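**Student:** Have a look at this one before I ask anything.
The values are calculated or read from the model by the stated rules, or taken from the named source; none is laboratory data. These numbers were taken from a predicted model, which means no experiment stands behind them. We place every Cβ from the backbone using ideal geometry, glycine too, and count neighbours over all the protein chains shown. Note: areas computed on protein heavy atoms with side chains; ligands, DNA, RNA excluded. Shrake-Rupley method; radii C 1.70, N 1.55, O 1.52, S 1.80 Å.
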Amino acid sequence: DVDETPFELIRLMLAHLEELDILVSLGYVRIDKSERPVVDESLADAMRAAINIFRHCKELEPRNIQYWSWYVAAVCGRLCIASGTWLSDKTNENKRKRQRLPCFSEARAEASCAVDEFIQCAKSEDCPMFFFAVTSMLEWKRSMILLHRHALFSTVNRLHAYTTYQWAAKCCSKISVARIQRLYDDRKIPLDVLLDVLAGRVEQNACDMNRWSMLVTALGGVGTAAEAKCNSLGKCSDECIALQDGFCFNHTLQQERKEDTWWGKSRASDWESAFFVAPGSYTSTSQDFIHAVLVASSSTHWKILDRRQVITARTSNQEASLPDDPQDCMDWLFDEEEGDNDVEIDLSHECLLPGNHTSNTLTSDDQLDTMSKITNKQVKALCLKVIVACHLLGVWHP
């Protein structure tokens, strides 16, 4: 299971000990002696021994993602133990049997350095699994809230969006794309980031029609409802001619293609020669074909979102954009030199941090099956490519 990373395993282990009511502080008197208690200070010492082993391993093999992950996960686990806070959502805070350990400040400083080094390593390695591991680390809410220096929750969410995107763009797995879809649903990333990942999946296997269909679903149709400026002759102020009554072309696409963040900026020329070769037959140019191209609007999954708001956020809302460098999103991380050791940590802000959603289902509605009469696979493939080509290369009217 891709979610069973060292970060998730150590988090679950600590939560399980607390749910069993056996993780206690030294000197706590237990009434129920059926289970042998685990003293938090002893567990922190054991975690320290594990940290030393994992540090030695990753120093021997500095590019080994497993050694890095176990090292940073153990450091974060020790921080959680030392904090004395509850470690399971099922634990009643009023019945907590632990206190903050004397080593908390030292554990916090160590964890901060480890997290910073881990993110720098992921950037230098530029490997999808390194970015996935950092994403998993950032989704451990308790350890991340303990490392927050100030209430810069939007910053850590941007960092999480960046690492998730880097993982998905390089890996293109169903689970990574599902995570990108979730970030888009939550308005944490702009539309072009989602389109870039979906386009990457097409490039990974251009023979998979479902991947083309997913890209078309996110792009939406080429045709839009006729606007007031379209006169009775089917012409609008841009001097285009609607191909079908009630529709006109989306002229804002031309402006979107000028933006540096546009998903097709580096693809237009390559895709034109690789994927958009003219067909040998024109038997598919029927009314059904034209209608399918024009009305291939977003599926139910995408209709619940206002795509225009997300596109607007891409240019005006800093939270919806991705950083160029992950180091630009590190101002939230605890820094021992800033003298923040005595700052009280507000655990109620955990809900503002990125988390791992339980659903990793990839939405893949096939709108050409549900919104048109096209059943021939070759015609369907051509229709999908025409829609993508119009978005990518521009619309030329007959």
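**Student:** In region 140-166, what residues are of a type in the set (F, W, Y) and either in a helix (DSSP H, G or I) or touching a His at 6+ places or on another chain (Cβ under 8 Å) (or both)?
**Tutor:** Listed by number, the residues that qualify are F153, Y162, Y165.
**Student:** Are there any pairs, at least 6 apart or on different chains, whose C-beta atoms fall under 7 Å, with the first in region 184-195 and touching a residue at least 12 places away in the same chain (Cβ under 8 Å) and over 14 Å from T261 (Cβ atoms) and the second outside any loop (DSSP other than H, G, I, E, B) and not aliphatic (A, V, I, L, M), and if so, which?
**Tutor:** K188/N157
Conditions (1) farther than 17 Å from Q166 by Cβ; (2) modelled with pLDDT under 95; (3) not aliphatic (A, V, I, L, M), marked per residue:
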{"residue": "S69", "(1), (2), (3)": "no, no, yes"}
{"residue": "A74", "(1), (2), (3)": "yes, no, no"}
{"residue": "L79", "(1), (2), (3)": "yes, no, no"}
{"residue": "T91", "(1), (2), (3)": "yes, yes, yes"}
{"residue": "N94", "(1), (2), (3)": "yes, yes, yes"}
{"residue": "A109", "(1), (2), (3)": "yes, yes, no"}
{"residue": "F118", "(1), (2), (3)": "no, no, yes"}
{"residue": "F131", "(1), (2), (3)": "no, no, yes"}
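**Student:** Look through region 99-110, keep the residues that are open to solvent by 10 Å² or more (accessible area, probe 1.4 Å) and small (G, A, S), and return whichever of them is farthest from W68 (Cα to Cα).
**Tutor:** S105
**Student:** With (1) at pLDDT below 95; (2) out of contact with any Lys or Arg (no Cβ under 7 Å at 6 or more places or on another chain); (3) surrounded by 15 or more Cβ atoms within 10 Å (Cβ to Cβ) as the list, and V24 as the residue in question, which single condition is left unmet?
**Tutor:** (2)
**Student:** Ok, one more. Looking only at region 111-123, which residues are open to solvent by 30 Å² or more (accessible area, probe 1.4 Å) and in contact with a helix residue (DSSP H, G or I) (Cβ under 7 Å, 6 or more places away or on another chain)?
**Tutor:** We begin by selecting, within region 111-123, every residue open to solvent by 30 Å² or more (accessible area, probe 1.4 Å); these are 113, 116-117, 120, 123.
Within region 111-123, just K123 meets the criteria.
**Student:** Being at pLDDT 85 or above and assigned to a loop (DSSP other than H, G, I, E, B) narrows it down to one of A199, A218, A206, A169, so name that one.
**Tutor:** A206
**Student:** For region 46-79, which residues satisfy the criterion of being open to solvent by less than 50 Å² (accessible area, probe 1.4 Å), in contact (Cβ under 8 Å) with a residue 60 or more places away in the chain and not hydrophobic (A, V, I, L, M, F, W, C)?
**Tutor:** Within region 46-79, S69, G77 meet the criteria.
**Student:** Here's another thing I want to ask about it. On the given criteria, is Y67 out of contact with any Pro (no Cβ under 9 Å at 6 or more places or on another chain), in a helix (DSSP H, G or I) and aromatic (F, W, Y)? Talk me through it step by step, then tell me what you get.
**Tutor:** Numbers: out of contact with any Pro (no Cβ under 9 Å at 6 or more places or on another chain): yes; in a helix (DSSP H, G or I): yes; aromatic (F, W, Y): yes.
Spelling it out, Y67 is indeed out of contact with any Pro (no Cβ under 9 Å at 6 or more places or on another chain), in a helix (DSSP H, G or I) and aromatic (F, W, Y).
**Student:** Here's another thing I want to ask about it. On the phi < 0 side of the Ramachandran plot, of a type in the set (S, T, N, Q), more than 17 Å from the chain's Cα centre (by Cα) and open to solvent by 10 Å² or more (accessible area, probe 1.4 Å) - does that describe any residue in region 206-225?
**Tutor:** Within region 206-225, one or more residues are on the phi < 0 side of the Ramachandran plot, of a type in the set (S, T, N, Q), more than 17 Å from the chain's Cα centre (by Cα) and open to solvent by 10 Å² or more (accessible area, probe 1.4 Å).
**Student:** Hey, another quick one. Do you know which residues across region 330-386 are modelled with pLDDT of 55 or more, in contact with a Ser or Thr (Cβ under 7 Å, 6 or more places away or on another chain) and within 20 Å of T217 (Cβ to Cβ)?
**Tutor:** Those that are modelled with pLDDT of 55 or more, in contact with a Ser or Thr (Cβ under 7 Å, 6 or more places away or on another chain) and within 20 Å of T217 (Cβ to Cβ): V379, L382, L384.
**Student:** Could you tell me whether region 124-137 includes any residue that is in a helix (DSSP H, G or I), touching a Lys or Arg at 6+ places or on another chain (Cβ under 8 Å), open to solvent by 20 Å² or more (accessible area, probe 1.4 Å) and in contact (Cβ under 8 Å) with a residue 24 or more places away in the chain?
**Tutor:** yes
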